[in-house]
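Please read the structure below before turning to the comments.
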Amino acid sequence: MIDPRFSEAELDQHQHHITTFIRDQIDTAGADGAVLGLSGGIDSTLTAYLAADALGAENVHGLVLPAVVSGDENMSDAERVALDLGLPHDLIEIEPIVDSLLSAYPEAEGDREAVGNARARVRAVLNYLVANHENRLVLGTGNRSEAAVGYFTKYGDGAVDCHPIGNLYKAQVRQLARHVGVPEDLAAKPATAELWADQTDEDEMGLSYETLDSILVTHVDGPLSVAATCRELDVEPETVERVREMYQHSEHKRQVPPSPEPLS
């Protein structure tokens with residue numbers, strides 16, 4: 001398969017590029033630091049390492065925001081990252097807030113996707129509550145692979161001030177994480193949004209990140225046709241078409257909300 005990973009020579013360049021980006025975003029906004037949601041997953045972990053490098057750990061406020069569906073191991077890993085880096089951090093249980101939303105609109109109870117997205121949006125509200133109170137920016141933790149197929153919650157984990165690792169494919173995220181010193185057990189762990197119980201990204205998308213990254217690099221972001229992509233990657237046309245459809249159908253998530261064209 002096409003390998004999107006960086007060469008060894010590129011890793012330092014990308015680390016420097018992202019840390020400079022973070023500092024520039026904070027300086028341009030006149031902010032006093034950053035707020036970052038810590039999930040225990042590799043995306044938020046890498047972002048935390050890069051933010052601590054860019055701003056100093058004392059200027060990055062980590063929020064651990066468990067829900068009833070959150071795995072104990074992931075929450076433990078999230079706190080571990082904060083402690084390892086020396087980030088000031090808080091743990092806030094979000095389920096009471098989600099329960100209050102369902103009390104106000106009980107018709108949504110039992111709708112797994114609606115409630116899962118509500119959890120993501122509650123986390124965004126808390127991120128901004130802290131950020132506004134402390135004059136900080138909210139750092140996103142989304143990567144290029146997820147953004148391309150819309151695998152994020154609109155106005156949830158997509159509601160941030162900037163995306164430091166937003167140009168990195170998932171394979172590049174894991175590679176850069178190892179480069180900056182993230183422990184191997186965190187760099188290699190399976191990805192999950194934890195919007196509902198036993199969720200994993202790859203199960204929900206129906207394909208591995210390795211396959212997704214390769215199709216994005218080769219076909220969606222690259223020049224090859226569906227047929228050429230199938231030959232190059234040894235995948236079925238249906239798989240390539242499904243990734244293309246996910247990309248097209250999620251375009252609205254990557255754009256600002258539209259308005260009508262002005263009348264002439």
- Whole-Hz Karplus ³J(HN,Hα) for the stretch 76-87, in order, using 6.51 cos²θ - 1.76 cosθ + 1.60 and θ = phi - 60°, x for Gly and Pro? 5, 5, 4, 5, 4, 4, 4, 5, 4, 8, x, 7
- Query: Each label point is 7 Å from the Cα along the Cα-to-Cβ direction; what then is the distance between the points at GLU58 and ALA188, in nm?
  - Reply: 3.7 nm
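Kindly identify the stretch 8-86 as rounded, prolate or oblate by the Cα gyration tensor criterion: order the square roots of the eigenvalues as a ≥ b ≥ c, call it rounded if a/c is under 1.5, otherwise compare a/b with b/c, prolate if a/b is larger, else oblate.
Oblate.
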- Message: How charged is the neighbourhood of LEU137? Take every other residue with its Cβ under 14 Å from the Cβ of LEU137, and add Lys/Arg as +1 and Asp/Glu as -1.
- Response: -3
- Query: Which values, in whole Å and largest first, are the semi-axes of the equivalent ellipsoid of the stretch 123-264 obtained as the square root of 5 times each eigenvalue of the Cα gyration tensor?
  - Reply: 28, 23, 14
- Please list the radius of gyration and Dmax for the chain, considering alpha-carbon atoms only, with Å as the unit. 18.8, 59
- Quickly rank 131-140, 67-76 as a protection proxy: mean count of other C-beta atoms within 10 Å, highest first. 131-140, 67-76
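By the gyration tensor of its Cα atoms, with a ≥ b ≥ c the square roots of the eigenvalues, what is the shape of the stretch 24-176: rounded for a/c under 1.5, prolate for a/b over b/c, or oblate? All intermediate terms of the calculation are to be shown ahead of the outcome.
Details: a/c = 1.59, a/b = 1.42, b/c = 1.12.
Prolate, because a/c is 1.5 or more and a/b exceeds b/c.
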- Item | Simple label model, 7 Å out from Cα along Cβ direction - ASN167 to LEU263, nm | 4.2 nm
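Please compute the net charge surrounding VAL122, taking Lys and Arg as +1 and Asp and Glu as -1 over other residues with Cβ under 12 Å from its Cβ.
Details: positive: ARG119, ARG121, ARG123; negative: GLU93, GLU95, ASP99, ASP157.
Neighbourhood net charge equals -1.
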- Task: Give the calculated FRET efficiency between VAL125 and ALA228 to the nearest 0.05, with a Förster radius of 51 Å applied to their Cβ-Cβ distance.
- Result: 0.70
- Note on the structure: Most fluctuating of ASP111, ASP77, ASP90 in the GNM of the chain (C-alpha, under 10 Å) is ASP111
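Let me have the 222 nm mean residue ellipticity of the chain computed from DSSP H runs of 4+ only, each contributing -39500 (n - 2.57), with the sum over all residues rounded to the nearest 500. Intermediate results must be reported in sequence, preceding the final value.
Working: 12 runs with 136 residues, N = 264.
For the chain, the value works out to -15500 deg cm²/dmol.
Each value in this text was obtained by applying a stated rule to the coordinates, not by laboratory testing. Treat the numbers as computed from the prediction; the structure is a model and nothing was measured. Because the Cβ atoms are built from the backbone with ideal geometry, glycine has one as well, and the counts that use them run over all protein chains shown.
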